[in-house]
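The values are calculated or read from the model by the stated rules, or taken from the named source; none is laboratory data. Quick caveat, the model's predicted, so the values are computed rather than measured. Cβ placement follows ideal geometry from the backbone for every residue including glycine, while neighbour counts extend to all protein chains displayed.
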Amino acid sequence: MLENILVLGLVSFTITFMLHDLVGPFEIFRRIREKVGIDANFYIVKPSRWADLFHCFWCLTTWVCLIISAVFVIFYGLSLILGIYLWLGAVAVSGIIYTGVERANG
């Protein structure tokens, strides 16, 4: 179970970090952020629920982890309780990694 939490946390961190911080190939992640109302300087220019979600790493990682955990639970036929543990554990792992990355970048 611990391995699954770590893997889901790493996958969630990667997806969230791409959506939240990176420009991406062909500027795809920047374009996604612009569609939801965030400019190139990471400021909300068009207030909306989506802009608030993409502007906050913790909010975005919570929902990304939920989606990934739900797919994992459905694919492997796990119980709802294990799915909740996976979800919360993946959020914690993703948050810990992001905190380390932010501290390393100053």
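For this structure, a couple of remarks:
- Every residue from region 44-89 that is of a type in the set (Gly, Ala, Ser), within 15 Å of Glu34 (Cα to Cα) and either under 16 Å from the mean Cα position of the chain (by Cα) or at pLDDT 90 or above (or both): Ala51
- Of the residues in region 36-43, none is surrounded by 16 or more Cβ atoms within 10 Å (Cβ to Cβ) and closer than 23 Å to Gly100 by Cβ.
- Any hit, region 46-56, residues being loosely packed, with under 11 Cβ neighbours inside 10 Å, of a type in the set (A, V, I, L, M), over 16 Å from Val11 (Cα atoms) and out of contact with any Phe, Trp or Tyr (no Cβ under 9 Å at 6 or more places or on another chain): no
- Selected residue [touching a residue at least 12 places away in the same chain (Cβ under 8 Å), among the basic types (Lys, Arg) and assigned to a helix (DSSP H, G or I)] from Arg103, Arg33: Arg33
- The number of residues in region 10-63 that are among the β-branched types (Val, Ile, Thr) and under 22 Å from Leu88 (Cα atoms) comes to 6.
- Conditions (1) at pLDDT below 90; (2) exposed (fewer than 14 other Cβ atoms within 10 Å of the Cβ); number of the one not met by Asp21: (2)
- Residue check for Phe29: of a type in the set (A, V, I, L, M, F, W, C), in contact with a helix residue (DSSP H, G or I) (Cβ under 8 Å, 6 or more places away or on another chain), at pLDDT below 85 and within 21 Å of Glu102 (Cβ to Cβ): no
- Matching entry among Phe42, Phe54, Phe72 (being touching a residue at least 12 places away in the same chain (Cβ under 8 Å) and assigned to a loop (DSSP other than H, G, I, E, B)): Phe42
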